[in-house]
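Input: a single structure, listed below in structure tokens.
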Amino acid sequence: QVQLVESGGGLVQPGGSLRLSCAASGNIFSNNVLGWYRQAPGKQRELVATITAGGVRNYADSVKGRFTVSRDNAKNTVSLQMNSLKTEDTAVYYCKLRQALREYWGQGTPVTVSS
């Protein structure tokens, strides 16, 4: 089994920054994809960013240039640096690990962007 634990969410003003972290534990394969997704109230969960074990990154258009995803393969962690936050970034952010055709999700961490 795989467990994912997110941290770093909170309240921030528009234009501010936050850094989310996710630690994976359990039966982790070396060839996996880690990612961040978010779900705003009343909306479907959507992709924010993903990163492969080799460091290939993919971003949603809405966060390009503002968010940066990174990972530490030795520690099985993934981070999301979020800059220039907007009110529309308000959501619960989830960490996901995909390996061997299976997906694992964290419990989510809320991010609120408000003045």
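The values are calculated or read from the model by the stated rules, or taken from the named source; none is laboratory data. Predicted model, so just to flag it, every value in this text is computed and none were measured. Cβ: placed from backbone, ideal geometry, glycine included. Neighbour counts: every protein chain shown. The protein model used for the area step is the full one, side chains on, heavy atoms only, and it has no ligands, DNA or RNA in it. Shrake-Rupley method; radii C 1.70, N 1.55, O 1.52, S 1.80 Å.
Summing Lys, Arg as +1 and Asp, Glu as -1, what charge do residues with Cβ under 12 Å from the Cβ of T52 carry, T52 excluded? Around T52, the surrounding residues sum to +3.
Quick check: at a probe of 1.4 Å, how many percent of the accessible area of the chain sits on carbon and sulfur atoms? Spell out each step's value before the answer.
Working: 2930 of 6150 Å².
Carbon and sulfur atoms account for 48 percent of the accessible area of the chain.
Computed from backbone phi, the HN-Hα couplings of the range 65-79 come to x, 10, 10, 9, 9, 9, 9, 10, 5, 5, 9, 6, 10, 9, 10 Hz, rounded to whole numbers (Karplus: 6.51 cos²θ - 1.76 cosθ + 1.60, θ = phi - 60°; Gly and Pro given as x). Within straight cross-link reach of K86, meaning Cα distance under 18 Å, which lysines are found once same-chain residues fewer than 8 apart are removed? List returned: K43, K64. Note on Q1 and S115: their simple-model spin labels are 4.6 nm apart, each label 7 Å out from Cα toward Cβ. Only the Cβ atoms of Lys and Arg (+1) and of Asp and Glu (-1) were treated as charged; on that basis the dipole of the range 39-96 about its Cα centre amounts to roughly 100 debye.
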